[in-house]
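First the structure, in the form of structure tokens, and then the observations on it.
Nothing in this text is a laboratory measurement; each read-out follows from the coordinates by a stated rule. Since this is a predicted model, take the numbers as computed values, not measurements. Please note: Cβ atoms are built from the backbone with ideal geometry, for glycine as well, and neighbour counts cover all protein chains shown.
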Amino acid sequence: MHSISQTITAYFSAIGRKDRESWVACFADDSVAHDPAHAPARAGKDAHRAFFDAVAALFETLEFRAVDVQICGDEAAVAFRAKCRAKNGRLAEAGGIDVFTFDTESRIRIVKGFWDPSPLFAAAGA
């Protein structure tokens with residue numbers, strides 16, 4: 001069993017490697033994501049795979065780095081910075097806070113991303 005800290009590290013590391021299956025493995029089977037927080041819910045591992053594939057297809061490189069992690073019980077708030085190079089060569093940066101709730105096996109049950117991803121998608125022409 002992983003710790004919450006290990007799951008957070010694995011989550012952000014998998015994004016940078018564009019390793020979809022390692023990223024999806026961070027989620028519980030019945031997990032829900034709102035990314036960004038006001039977006040409609042994305043539920044289940046198949047939906048997470050589709051989201052990851054759609055985003056990864058736009059970018060040559062993705063670097064999401066946790067810069068501050070605060071864990072309280074089965075929840076965590078993670079401030080992050082993102083630096084990306086789109087397939088068209090354009091660079092973009094953004095930052096935000098992900099708020100997670102974890103299950104008893106330290107897998108993500110719920111994640112809400114409080115950020116504006118539009119600079120990244122604008123760089124990619126999406």
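Worth a mention:
- Vicinal HN-Hα couplings computed from phi for the stretch 13-29 (Karplus, 6.51 cos²θ - 1.76 cosθ + 1.60; Hz; Gly/Pro x): 5, 5, 4, x, 8, 6, 9, 4, 5, 5, 5, 5, 5, 6, 9, 5, 4
- Sequentially through the stretch 80-87, phi angles give Karplus couplings (6.51, -1.76, 1.60; θ = phi - 60°) of 9, 10, 10, 10, 9, 10, 6, 4 Hz, Gly and Pro residues having no value and appearing as x.
- Modelled this way, with points 7 Å down the Cα-to-C-beta line, the labels at Ala54 and Arg90 are 1.9 nm from one another.
- Computed [θ] at 222 nm, helices only, for the chain once each DSSP H run of length n ≥ 4 contributes -39500 (n - 2.57): -8500 deg cm²/dmol
- In sequence order, calculated HN-Hα J values of the stretch 48-61 (Karplus, 6.51, -1.76, 1.60; Hz; x Gly/Pro): 5, 4, 4, 4, 4, 4, 5, 6, 4, 5, 8, 10, 6, 10
- Label point distance in nm, Asp46-Thr101, each placed 7 Å from Cα along Cα→Cβ: 2.4
- Rounded to the nearest 20 debye, the dipole size of the chain about its Cα centre is 500 debye, using +1 on the Cβ of Lys and Arg and -1 on the Cβ of Asp and Glu.
- The mean sequence separation of alpha-carbon pairs under 8 Å and at least six residues apart, normalised by the residue count of the chain, gives a relative contact order of 26 percent.
- For the pair Phe114 and Ser3, label points projected 7 Å from Cα toward Cβ lie 2.5 nm apart.
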